[in-house]
Structures are given as C-alpha cells and as structure tokens.
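Asker: Quick one: the structure is below, questions incoming.
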Amino acid sequence: SHPLLCPPGIKCGGVLSAPSGNFSSPNFPGLYPYETECTWLIVVAEGSSVLLSFRHFELEYHATCAYDYLQVYNGATRDQGNLLGTFCGRSPPPPFSSAWHVMAVVFRSDRHVAKHGFAAAYQKGSGEGRRWRSVRPSVLPHHPHHPCLPTDACGGQLTGLSGEITSPRYPESYPNDAECRWSIGGAGGSGPLTLVFADFQVEGGQGCGFDYVALFDGPTAAAPRLGRYCGSARPPRTVSSAPHLLVLFKSDFNIGGRGFKAHFYSAGECQEVFTTIKGNFSSPRYPNLYPNNLKCQWSIQLPPGYRVKVFFLDMELEGRSSLTGGCDYDHLSAFDGGTENGSLLGRWCGRENPSPITSRSNQLLLVLHTDRNTAKRGFSIAYVGVVPMNVSCTRTDFHIQIPVQSLAQLERNRIYLGTPSCAAQVVGKNFKIHTRFDTCGTESQKRNSTSVIVSTLYIDFSAGDQEDIHQYEVQCEPKRKEALVTLIAGPNPSRLSQAENLVDAQQRDGGAMDTHEIKSQDTSDIVFISICILAGLLMVIAVVGLVLL
C-alpha cells in the first residue's frame, strides 16, 4: 500500500466504536467495485466529538456528484439536515469534527467507471467547545499514539452557516509553536460572515509579535487583513465583505494562555436586520431542509411609533417533545424589542400555523434554534410596519391623524383618502385628514345589517419604478360613532389571505391623538344639535311675536 496511507479497515461499512481507527473503500488501493453502497457509523464516547480526515480520495467525477459519491453526516441518521457534504472527483473532503459523538460516512458507486476510492482516519476528540472544529491536514505528522491524527489538531475548512472555533486544548493553555488556519465559508453562501469572540486570552506584546490571532477578508492570508489581536481584550465583532473569512492563530516557542473561543455565522441567511417598512424572509435553505446546530436571529427595527406585525406564511419545524409536550428541540421564538431579554411573544415548533403577532414597540426579534439532529422545511415569514394612526368619526365626518415622524420621508400628497385630491394636511407634528362622508370616494354599505361608511386610506411609499402603496380600509358606523381601520394591502398582499384589524392595539397604545383633539372631534355633533335647537327656539319666538302683534 501507499506509505502515506493508514491501513484499510472494515471492507464495506459497519460500526466503528474504538477511540480511533481507519477505514477505506472496498478493494482500496485497488479499484472499488460497481453498484456498491457502504455506510460506516462512527461512535465514540458520549460527550466527545469525532475527528475525521481523508488521506486519499479519488472517485468518479460529476459536477453534482450524481454518479459515485461520498457523504459525511453529522449524526447517526441520514437526515439531510445533518449532511455536512457530498464529495466526488479527486479533491478530498475537508477534515471534519462532529457536533456530538456519532458520525456517519456513506459511499456509493454506480454501474460505470471505477476509481481507486478513499482512505480515511478518525479519532475521538474533545466534545467541549468543539462543535465545528476541524482537523487541518497539514498538521498530520506521525504521532506515537496514533499514526494518522495528532493530539493538537486544529484549523480546517468550515462551510456551515454557523459554528464555533477554539484554539487547541481550549480552555486549557494552548501549545507552543502552533499554527492554525480556519477558512470559513465557500459552501454556496453569498452573504458576508460575522465572527464574534466569546473568550480571548493570548500572550500579549508590542505589535502582537509573539502569539496572535489574525483575521483576513477572504479565504487566504493574501486577502486584506481585518485585524491582528493578542492580550486579554476580546477582539471587536468582525464582519467580512465577502462570503469568506480566514482566521489565523500562531503561537511562539514559550509563554501561552487560555486561548480563545469564537462563533461565526453567515449574515444574509442566519443573521439579518430589517429596517424597511415591509419585508419577507425565511429559514436557511428554505424550502429545503434547514441545517442543524443553528442559532439564527432576524431583527426588525422600524422608526419610532411603528409596531411590527408578523405573518407566518409557512412553518414546519421539528415537533414537540413527547416527554414534556414543549418545543424543546428545534423552535422559533419571537421577542418584543431588539433582544432576547424582551417579552416573549410566542414560541413555536412542529407544523403549527401561528396567528399573526404584533409587537408593542417598534422592534421585534425572531430567533431560530435547531439542535443536532432532525431537520424540516423551516418557515417563511412576511412582516409589515403598522403605521401609528388614530381614526375616529362623527355622524358626518372622518378624522385621521398620523404623526409626521412616522412618515418623515413622505410628502403630504403621498397620504390621501379615496383620491389624491383628498391629501393630508400638515398640522403641527401630525398629518391630518378631516373630511365629510360625501367626499373623498366614501360610500355607504350594509355590513351585517348595519349601515357603515367606507373609504380607503392610501400611503404611498413608492420609490423610482417600484410601486409600494399600503392601503387601509377606513370604516365608520355613524350611529355609534365607531371607527375601524383595516390593513387591506401591505406585505405582498397576494400571499396574505385575510385582512387584519389594526385599530384595537393602536387605541390601546393611546394612538397619536392628544385629549384635546379627541374632545374637539366629539363636540362637532353637539355643536350641530345646538344650532338646530337654537334655530327651533328662534322660530318659536318669531311665531309668538307674530301672534302678540
């Protein structure tokens, strides 16, 4: 056999339960047979991880690996959510570290074209803090305890949407003369990457010339450097400009430290901030199965005065726990405000169809947690900013008031009732529309045997060639002087099957009216009735006067 290869193990699949071992394709280093499927299940001690590397790799090539292929799974089942990658051709898979103590490897060949196959080695790794730590092939010299893997393996290529990296032996002191390179990204991701250090203690020194961590804005050290750090101060949150990020760790011949632990995630799929008045987003890879071991956050941050209304268009997550009945595995949570310290608005899992939720403030946070096994389709969500407004009516008029700060970017003629000729006026700090029922496209209708006056309020957010007009139905029951406002066109109206009543929460929150304004509107009918009574009295006096004359 080739002198650099570990000796072949089980011929075609099986359970590998030793702390370390080797396995290879059937007949290796000869040609593998046709129409073969082998599954190796690697199981090490609970609480540990599996470190897997490939020393030789040659399968039939296809652009999508549709013929012969090798698949690596982060777990015991062939759940697509656990799939770490599918590989073929002559490019070996990167080293892997499992998220728990089980890893599965599947090899399949078709009925045409055979190659020499592969040889792989595995070893039990430390489970603590090494969820996505990989083994770098360039640090695989001979080791007295195992011919294929060293104790202080580090670095690797990380292609998950999120993960964690740690210095060798973390949280114990890292070794001297270490050099580790983690190349993050490159598995189809298109958004920037964010790296956050949770812990950091590296030997300090002027210019970080001894031990250091360097970050590069690309897959190699030839890319622009984003920073070089040492000492005990945690480096700042770093965001790449491309879908690749290189983390380089070096230590010299003496003096060490605890090292570091850092988390990364792919912005654009797993970490987004929305500031537009309406939008849509979905779980990573939707409608395909989402990845395991994720914590993704979507923050919606709107101007002051707005509230956020979220519509759940589709949801399929891992189901509830059969023991507790709760969402203990994969789940989606919503928090009022910008952090997880805010009030919990809801927590969902399984195939639930949640009703729309509305924040109490102008910010709302959605957090998706997935565990280490079982993945589903995920979710699709639309949201709209509920414009803060107060709508009231008398027996003859509509009164609409919206704070200018809520629509500060809009001219008053972008806000109108029924027709553009009935545009809002700016009065103090508010847009105001005060109109009679016989104008501005209002019409009388019968609803549930009750006569109501109905019109449409338009708020035009259009920019350039992109039309974006929000429509609210404004309704008044004159006899009871009760007003209602309903969103009828907001976030992608073709996907929202029902209008949502928005006035209840607005009035609970106090709306935009001050007490003086509300009173002035309610007195309009009193004035009208008073005039009628006065006119009647004058007529009576006139009649009496004529009689006396």
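The values are calculated or read from the model by the stated rules, or taken from the named source; none is laboratory data. Being a predicted model, the structure only gives us computed values, none of them experimental. All Cβ positions, even for glycine, are placed from backbone atoms using ideal geometry, and neighbour counts span all protein chains on display. Just so you know, the surface numbers come from the protein's heavy atoms only, side chains and all, with ligands and any DNA or RNA stripped out. Shrake-Rupley method; radii C 1.70, N 1.55, O 1.52, S 1.80 Å.
Asker: So which of LYS446/LYS479; LYS446/LYS481; LYS278/LYS432; LYS278/LYS309 end up more than 21 Å apart by C-alpha?
Answerer: Exceeds cut-off: LYS278/LYS432.
Asker: Any idea what the relative contact order of segment 155-265 is, in percent, if you count C-alpha pairs under 8 Å spaced at least 6 apart? Each step should come with its number before you reach the end.
Answerer: Working: 294 pairs, mean separation 47.6, N = 111.
Once normalised by length, the contact order is 43 percent.
Asker: State the percent of C-alpha pairs, over all pairs in segment 271-386, separated by a distance greater than 17 angstrom. Walk me through the numbers before you get to the answer.
Answerer: Values: 3436 of 6670 pairs.
Percentage above 17 Å: 52.
Asker: Hey, another quick one. Would you give the gap between the C-alpha center of segment 329-379 and the C-alpha center of segment 405-445, rounded to a whole Å?
Answerer: Each part's Cα centre sits 36 Å from the other's.
Asker: Provide the per residue accessible area, probe 1.4 Å, for segment 155-265, rounded to a whole number of square angstrom. Working shown, then result.
Answerer: Numbers: 4610 Å² over 111 residues.
Accessible area per residue: 41 Å².
Asker: Report, in debye and to the nearest 20, how large the dipole of segment 271-386 comes out about its Cα centre when Lys and Arg carry +1 and Asp and Glu carry -1 on their Cβ. Present the calculation step by step, with values, prior to reporting the outcome.
Answerer: Details: 12 positive and 10 negative charges, 40 e Å.
Dipole about the Cα centre, nearest 20: 200 debye.
Asker: Under 5 Å between amide hydrogens, which residues at least 5 positions from GLY218 or on another chain qualify, with H placed 1.01 Å from N in the peptide plane?
Answerer: Sorted by chain and number, the residues that satisfy this are LEU245, LEU246.
Asker: Now for a different question. Given points 7 Å out from each Cα along the Cα-Cβ axis, report the ARG228 to ASP465 separation in nanometres with one decimal.
Answerer: If labels sit at ARG228 and ASP465, their model points lie 4.8 nm apart.
Asker: Under the Kirkwood approximation for Rh and a Cα-based Rg, what ratio Rg/Rh is obtained for segment 306-454? Before the final figure, lay out the partial values.
Answerer: Working: Rg = 21.4 Å, Rh = 18.8 Å.
Ratio of gyration radius to Kirkwood radius: 1.14.
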